[in-house]
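Please read the structure below before turning to the comments.
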Amino acid sequence: MENDALIAFKEVQKENWSLFAPLEAVTTICAASLVRFSRIKPGDKVLDVACGTGVVAITAAKIGAKASGIDLCPALVNRAQENTAIANVTVDVQEGDVESLPFPDHSFDAVLSQFGHMFAPRPQVAIQEMLRVLKPGGIIAFSTWPPHLCVGKMFGLVSKFSPPPEGVSPPPLWGEPHFVRQQLADAVEDLAFAQDFMLFPALSLGHYQQSIETGPIYEFIQNLKKEPARLEQFRKELQTLVSPYYVDNHLHQHYLMSRARKK
Ligand SMILES: C[S@@+](CC[C@H](N)C(=O)[O-])C[C@H]1O[C@@H](n2cnc3c(N)ncnc32)[C@H](O)[C@@H]1O
């Protein structure tokens, strides 16, 4: 059962992610990596969890999968539907919560999530739902940001300035292989990991800051603007944190990919 704090948290999440669409330009390439890593085949029934603008689901559909996508954020679901039409593929995209998937047990040959299910507040609730809708022998695969690298550290910094409500697990925990192993436990076999990276273009660190401040951390920044000294401190710490990853006009953002077969 969800308590009021979790319901309120998810409403804020819907708002927070509604400006994410422009960043599909950088998650598009990673989508191809995850689809390849997941080893899905033409004809497979594939679910993209927390699909955002649909980059993984559409990539899967392009190789002949019967793809579906769900996302918490209505604005991104609309964009995913537009992207599906532009790509001239068929993908069933709908609004939904990974903690309560609107599908019967054993519906899919593969359940994927790119930088998505990690943002559900309760890891066990999310992963049990993803495994429930997966057929025995099916593949679960996801990409996640490790806590000790660029994007995970950035989310850690945001949490330091604006701690999440009690009961919300830190998303970058999903970037730790031991945490993934613990969450999947003995429901799966053949657990495998790989690393990949995203190149995030930015003309300067200021441009990077602007991209994320007008995207995934917009609401957080609006709140922080009420306390200018803290906002300045956040921006200073952010620049210090990301500058080691900035080279040749891009941020080098490594991530973890995990894949396993449901028993
Ligand atoms: C970083 S974006 C990734 C989007 C997309 N998978 C991609 O790679 O471009 C995170 C996504 O997780 C979605 N999300 C967050 N919490 C969710 C939840 N509880 N259930 C479903 N989607 C969720 C957000 O709406 C957002 O689209």
Given M130, T214, Q114, which one lies farthest toward the positive end of the charge dipole of the stretch 83-215, if we put +1 on the Cβ of every Lys and Arg and -1 on the Cβ of every Asp and Glu?
T214
The stretch 64-137 versus the stretch 166-223: alpha-carbon centroid distance in Å
18 Å
How much area per residue is accessible in the stretch 1-61 when the probe is 1.4 Å and only protein heavy atoms are counted (Å²)?
45 Å²
Arranged from highest to lowest average of other beta-carbon atoms within 10 Å per residue, in what order do the peptides 56-64, 238-246, 183-191 appear?
56-64, 238-246, 183-191
7 Å from Cα along Cα→Cβ at both A85 and S18: what's the point-to-point distance in nm?
2.1 nm
For the chain, percent of DSSP beta bridges that are antiparallel (nearest 5) comes out at 50 percent
Determine, from the Cβ-Cβ distance of I221 and R39 and an R0 of 45 Å, the FRET efficiency 1/(1 + (r/R0)^6), rounded to the nearest 0.05.
0.70
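If you take the beta carbon distance between D186 and T214 as r and set R0 to 35 Å, what does 1/(1 + (r/R0)^6) give as a FRET efficiency, to the nearest 0.05? Spell out each step's value before the answer.
On the way: r = 43 Å, r/R0 = 1.24.
Rounded to the nearest 0.05, the efficiency is 0.20.
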Counting only protein heavy atoms, what percent of the accessible surface of the chain is carbon or sulfur at a 1.4 Å probe?
56 percent
For the stretch 104-143: rounded, prolate or oblate by the Cα gyration tensor [a/c cutoff 1.5]
oblate
Points 7 angstrom from Cα along the Cβ direction at E166 and H178: gap in nanometres?
2.7 nm
Plugging the Kirkwood radius over Cα pairs into Stokes-Einstein for the chain, at a temperature of 10 °C and a viscosity of 1.306 mPa s, what D comes out in µm²/s?
85 µm²/s
Within the stretch 156-175, backbone nitrogen closer than 18 Å to the virtual label 7 Å beyond the Cα of E2 toward Cβ
164-171
Rounded to the nearest 20 debye, dipole of the chain from Cβ charges on Lys, Arg, Asp, Glu
540 debye
Mean Cβ-within-10 Å packing, highest first, puts peptides 76-83, 98-105 in the order 76-83, 98-105
If the label point sits 7 Å along Cα→Cβ of D105, residues of the stretch 120-158 with amide N under 19 Å come out as 125-140
Which of rounded, prolate, oblate describes the stretch 142-263, given a ≥ b ≥ c as roots of the alpha-carbon gyration tensor eigenvalues and a/c under 1.5 marking rounded, otherwise prolate only if a/b is larger than b/c?
oblate
Using only helices, what value at 222 nm comes out for the chain when you add -39,500 (n - 2.57) per DSSP H run of length 4 or more and divide by the total residues, to the nearest 500 deg cm²/dmol?
-13000 deg cm²/dmol
Under a cut-off of 18 Å between alpha-carbon atoms, report the aspartates and glutamates in cross-link reach of K262, not counting same-chain residues fewer than 8 places apart.
D44, D48, D105, D109, E129, D186, E189, D190
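The values are calculated or read from the model by the stated rules, or taken from the named source; none is laboratory data. Please read all numbers here as calculations on a predicted model, not as lab measurements. Note: ideal-geometry Cβ built from the backbone for every residue, glycine included; neighbour counts use all protein chains shown. What goes into the accessible areas is simple: the full protein's heavy atoms, side chains included, and nothing from ligands, DNA or RNA. Shrake-Rupley method; radii C 1.70, N 1.55, O 1.52, S 1.80 Å.
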